[in-house]
1. What is the Rg over Rh value, at two decimals, for the stretch 36-77, using alpha-carbon atoms and the Kirkwood definition of Rh?
2. Whole angstrom only: what separates the Cα centroid of the stretch 51-81 from the Cα centroid of the stretch 10-35?
3. Using the beta-carbon distance between ILE78 and ILE24 and R0 = 35 Å, what value does 1/(1 + (r/R0)^6) give for FRET efficiency, to the nearest 0.05?
4. Using a simple spin-label model with points 7 Å from Cα along the Cα→Cβ vector, what separation in nm is obtained for ILE39 and ARG17?
5. For the stretch 15-87, state which trypsin sites (Lys or Arg not before Pro) are in a DSSP loop and have at most 15 other beta carbons lying within 10 Å of their beta carbon.
6. Starting from the Cα of ASN8, step 7 Å along the direction of its Cβ; do the same at LYS65; then give the gap between the two resulting points in nm.
7. From zero up to wherever the largest Cα-Cα distance of the stretch 2-92 sits, split into 5 Å bins and tell me the percent of pairs in each.
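Rule-based calculations on the coordinates, nothing more; no lab input. In this text, all values refer to a predicted model and were calculated from it rather than measured experimentally. Cβ coordinates were reconstructed from backbone atoms using ideal geometry, including for glycine residues, and neighbour counts include every protein chain displayed.
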Amino acid sequence: MENKIKNNTKVIDLAIRLFILGLIAAWCFVLIRPFIAIILWAAVLAIGLFPIFLWLKARLGGKAKLTVIIISLIGIGITIGPVSFIATVLVSNRTLAKVFRGIIRDFVIFALGGFATQVGFNSTT
């Protein structure tokens, strides 16, 4: 009889531990879920850029830190270059600037409703 109670206690203890472990695993997944796409893109970029890293590291005499800096600066340039070009075009083109100004004005009027007209935003400005 005493042996059955010990076995039942062990089973209940194991069930409670597994349940708590499952809750912790589910909570971890909920926390990580928004970052899954970013993690996958990072893995793709790391795998894709690794041969370039090895090639450039060999060309630079085994200097890994310098290689990482160069690859990072190229990546930043690839990102910032087109963004700055688009921003320059939008600022220099007055017609597009007026269109975007109108879109922003309409959005503010729509979002703020009656309050927008009280603070000076209306459809004629």
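1. Details: Rg = 11.3 Å, Rh = 10.9 Å.
Looking at the stretch 36-77, the ratio lands at 1.04.
2. 41 Å
3. On the way: r = 40 Å, r/R0 = 1.13.
It comes out at approximately 0.30.
4. 2.6 nm
5. On the way: sites: ARG17, LYS57, ARG59, LYS63, LYS65; in loops: LYS63.
For trypsin sites (Lys or Arg not before Pro) across the stretch 15-87 that sit outside H, G, I, E and B with at most 15 neighbouring Cβ atoms in 10 Å, the list reads LYS63.
6. Inter-label distance under the simple model: 6.6 nm.
7. 2, 11, 9, 11, 9, 9, 9, 8, 7, 6, 5, 4, 4, 3, 1, 1, 0, 0
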